[in-house]
Structures are given as C-alpha cells and as structure tokens.
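A quick write-up on the structure given underneath.
Since every read-out is calculated from the coordinates, none of them should be taken as a lab result. Since this is a predicted model, take the numbers as computed values, not measurements. Note that each Cβ is placed from the backbone with ideal geometry, even for glycine, and that neighbours are counted across all protein chains shown.
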Amino acid sequence: MPGGCTLRLNPASGFQALHKGDNMRHRIPLRPRLAAASLGLLAFSLAGLASGRQPSAAPQLTPATPASFTGDCASLGPILAGIPGTTITSTATVAEGGVVVGGRQVEGRRVGGQPVAAHCRILGTVNERVSPVDGRAYGIDFEMRLPLQWNGRFFHQGNGGLDGSVLPALAEFGGGPITGGLHQGFAVLSSNAGNRDRGEANFGADPQARLDYGYQAVGSLTPVAREIIRRVYGKLPDRSYFGGCSNGGRHAMVAATRYAQWYDGILAGAPAFTLPLSSAAQLWGAQRYLSVATDPANLATAFTPAERQMVARAILNRCDALDGATDGMVQDTRGCQSAFDLQRDVPTCTGARDGTCLTQAQKDVIGAIYRGAVLPDGRRVYSSFPFDPGLTAANWALWEFTLPEARSAFSVGMVVKAPPEVMAGFDRRAFAMRPLETLAGYATSTTPQYPVPAMSFMNPVNPTDMSALRDRGGRVLVYHGVSDAVFSVHTSIEWFRALDAAQGGTAAQFARVFPVPGMAHCAFGPATDQFDALTPLVRWVEEGIAPERIIASARGPGNPGALNAELPAEWAPNRTRPLCPYPRVARFVPGGNLEDAESFACQ
Ligand SMILES: [Ca+2]
C-alpha cells in the first residue's frame, strides 16, 4: 500500500504501535522517527517509509485572469435557480464601503480600516433536512461575496471552533488583518459547515451533522459555489484556495487530502491535526492543573500570570540570544528546547508561592503538559509543546485553563464520542476528569448509529500523501504560533517532516510551514502576528515564486489593524520580522536595526 498508510484505528483499544514517551527536549531535532510516532501522527512516519519515490518537480499552474459582473445582484435569483440541493435565499448588492476590513472595534463599531469594493452577497442553504435522530432542522447555510470586479479566484473560508455560524465571507487572516481575500478581489465562500448550534455541540447527536462538520459540508458546498461563480461570471474560477485558522486550518488540510481536485492553494493556520486527541489531551492537562490549583473553581490559579511571566523571563534568559538578537523573541525554537530546562532554570519555591518561583508539584505538572499527553504505560496521545515566551498571552491561558471545561468537554462528549452524551444535565467537570485512556478512546469509538469514528471524519486522510494536490500544481502554506496552547506547532512540523520524507526530501517544492515565534493560537502574544500569507501563496501557486520569508508586523499603537496589547513596552510598535519556513530560523545580521525585518536572514 505505497504511500497509502492511513491511521490504523483499532476500535478495541483506539491505539496501535505507540511508543514510550521520551524526553521532548530533543525530539524535533534529534529523534524524528520518535517525533512522528505519536498516536495521531503515526501515519506521518509510515507514509514516508512506505513511499520512497523521488517525485519530479511540482508542476506549475497558470495565473488567474480577472472577470466582472455587470448585472444587478438583486436580480440573480432566477439565474441561480435550479442548482441541485440548493436554495438561494437572498441576493443583494453591497456598495463600495458597505464592508470594511482592517481597522479595529471600538465600542462595537469598526473604526478605520479599508473599504471593500462593491460586490454581490448571496445567501443560501444546501441539503436542508430534518434529522431523524433529534428532529431538528439542519442545513449547510452559506454566504458568498462576489466582487463586481473579480480577480478570477475562489476562496473557501474555513471557520473556527465547532462552526455553526455563517461568519462574514471576508477571508481575513493574520492577527489584526488589514486586508483579506474579499478585499483582494476573490469570490469568497463561508458556511456554518452543516449545523446551526453557534459553537455549541448539540449537533453531535445527528450522524450526518458530524460528517458535515468533519468534511462533507465542504464536499457538498464546493461544487455549488463553483456553479454559482460560473453562472455569475460566465466561467469557473481559474484558481481556487482554501484557508482558515484552527478548525478552519483543519478544514483546509482535510480539503487538501479529500478534495484536491478542486483546490490549488491551501492556507492552513494552526491546523487542528488529530483534533479528537488534542481535545483529550487538553482535558488531561486540565486534570493536571487542577492538582496544583489553589482554587479548584479556577484552574488559572495553578499557574498564575505572575508565574507565567517569570517562566517567560527564564526562557528568554536561556534562549533569547540564540538567534543573535536579544530582543524579547525566541526565533530559534528548536535550540531553545535544548537550552532551557524548567527544573534547572526556574527557582523552586521553598516557602509560599509568590510569583518568583514554582513549587516542585507545579514543575511536574507543567513539565508533563509541555511533554505532551502520555498514558501511564507510555503510549503517546498527543504531541509535545515547545517552551516559548508566548505563554504570557491571555489566549494561552484561555486554552489551558478555561476552554477545556467550557468547550472541549462537551465537544468530546457530543461530537467525538459514540454514542454521544446527553446534553441535558451534562456535567462538564465530571466528564473532563475521565481517565485519559477513556477520553482518547472516544476518538475511535463507533456504534451502528455512529459508524464513522471522529478520527476519520475530522482528520485529514493520509496527510503525508498529498500527491493528488501536488501533482496538479497545488501548494500548501501552513503558519502556526509557537505558543499555541491547544494545537502544538510541533504537529505541523512533524507533519512537514513526514511529508518531506514521503516526498524524498522535496516537499518544500509545494508545502512549507511558517512557525510564528511568541504567537498564541492564531494571533496575540508577544509576537509579530500581523501578516498576509495569502498573497505569497497566490504568487507561489500562480507564478512559481516560492515564499522564502513572509514579513510580519507587531501591532502596537499606530497600527492600521486591531492592536495587540501584549507587546512588551521595549519593542517598537511597528517592529517587523521575517517568518521563515521550517527548518530555517530568522537570525540577526549584526549591525542591523533590531526592529526591522531586513536585519534578519532566514537561515
Ligand atoms: Ca531573540
């Protein structure tokens, strides 16, 4: 089965061929096979070993060409009628400036920003139905925004969380975005991915809604969106892109494997690889934190802001200068995992906790969480996390302390587990405290009514065999915050390493991963987190210009986008840095301006 090794799910145990947990500090640079052998990522290493072929250069696609729509958007109803399974509920013109991207929210209003050109806004639903299981109405509700002056490209916007809402189809990404797909002239699609729960998880009771959330909404919607584009502009999209962050990044990577025939460019931010297992790991982490929380009702008391600042300083003391610039940023993430030692470099409390030390029990808990979820017998459930100063971010704490119970408990209980829990009377704390083996086992659980396990419907299929995408000239650009507390940047790096092995060392011809030092989940933290990764992806897909660096900016006062309050005061508010494709690292060129990306080389 060359290159076709999928995750072999064993319904009896949920695990297969796992290894003993090892010391994470050397995993990435020194022990690649062990790194890739975590439970959910097992397929990465096996695909690489099975393939061994030496692919030729990835083919090059031609650029998109613009087109326009000169009719009346409000009159599109009859033109769009009769698309199978589809109901168009609204067509309207949005005048130039009717939508603004960039800027910032002030008292609920967007201030500043850039006006978007005139476009049609089309609302509709695909596969409307009533569930035979819970009796509720389901449908894949969508919004398309079609510029009157179109750049010839389609962008499918993947949304976050558990979907369930039709977010505006703006295709805005990167912290405090100041542009986006719609602003750049793309025809943009956004959907609820088949449920109307607005981030809640009741839809997990309906087997089809699970599959739609996993991947089938994308499969159902893409041909509809293409047909709408054809009818409006008179041609199909020349080039098609799929992008999002978090769950949206998951959708993008799933599309890269399941629907490669429809997409040319994949923009995956913090892709949620092995989401059912990362959620189990998150709950396991919450259990660890509870053991050292001074207030059981508030897990954040396990590792306070002052203590996180203190650990960040300890990390910087060991790691900041590794990249040649003592600038409050750790670009050499890999080197830092060898240089920093939590036990050695953070004082151990001899008295009461006062923010200047950690107790030994805290060190044990935090160290275990960074090493990644491992069962008592050593079988690995989820990846390790790298030490990075971005753990000071509020978003880091949100994912560590708040969302495990507030979101992951019911998403695992309702969308991952078969059969699902009953939401009425669901005890989130009690569920979150179940043993890790039980929680991880839900990833592969099935019943006759729920025959497809979550690991199958949520995860990319054979993620290191992207030959279908590659062979048609597709490109994959991944970005990932190094201080992402829920989906470890190590999972994206492990994926790339295994893809590269499967591609005989040539994966960078069509896939690159850009870690974002200091950045939390999709944005924020002490980081240069504002960047437009879409434009470099388009140039790569359509012009063959591979992204060697992406310029990213801090969002201090004066920034045209939403500001980031977590920037250290010593930084220039408009500091820039190059984001470098793994394994290259942004290193300072002596003599340059410390605040300027031009002073750094990706090496
Ligand atoms: Ca530095």
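Using only the Cα atoms, work out Rg/Rh for the range 276-456, with Rh taken as the Kirkwood radius, to two decimals.
Details: Rg = 18.0 Å, Rh = 17.5 Å.
Checking Rg against Rh, the ratio lands at 1.03.
Determine the calculated [θ] at 222 nm for the chain from helices alone, applying -39500 (n - 2.57) to every DSSP H run no shorter than 4 residues and normalising by the residue count; nearest 500 deg cm²/dmol.
When only DSSP H runs of four or more count, the value is -7000 deg cm²/dmol.
For the pair Arg353 and Arg109, how long in nm is the line joining their label points, each one 7 Å along Cα→Cβ?
4.4
What FRET efficiency comes out for Ala95 versus Thr65 if R0 is 30 angstrom and r is the Cβ-Cβ distance? Round to the nearest 0.05.
Computed FRET efficiency for Ala95 and Thr65 comes out at 0.70.
Calculate how large, on average over all directions, the projected area of the Cα convex hull of the chain is; give the answer in nm² to one decimal.
26.3
For the range 64-237, just say rounded, prolate or oblate: build the C-alpha gyration tensor, square-root its eigenvalues into a ≥ b ≥ c, call rounded for a/c under 1.5, and beyond that prolate if a/b exceeds b/c, oblate if not.
oblate
Taking 0.36 nm per intervening residue step and subtracting the Cα-Cα distance, what contour gain separates Val133 from Asp341 on full extension? Can you show the working numbers first?
Details: separation 208, 0.36 × 208 = 74.88 nm, distance 5.18 nm.
Residue separation times 0.36 nm, minus the Cα-Cα distance, leaves 69.7 nm.
Tabulate in residue order the Karplus-calculated ³J(HN,Hα) for the range 156-169, using 6.51 cos²θ - 1.76 cosθ + 1.60 with θ = phi - 60°, rounded to whole Hz; enter x for Gly and Pro.
3J(HN,Hα) across the range 156-169, in whole Hz: 9, 8, x, 9, x, x, 9, 6, x, 9, 8, 6, x, 7.
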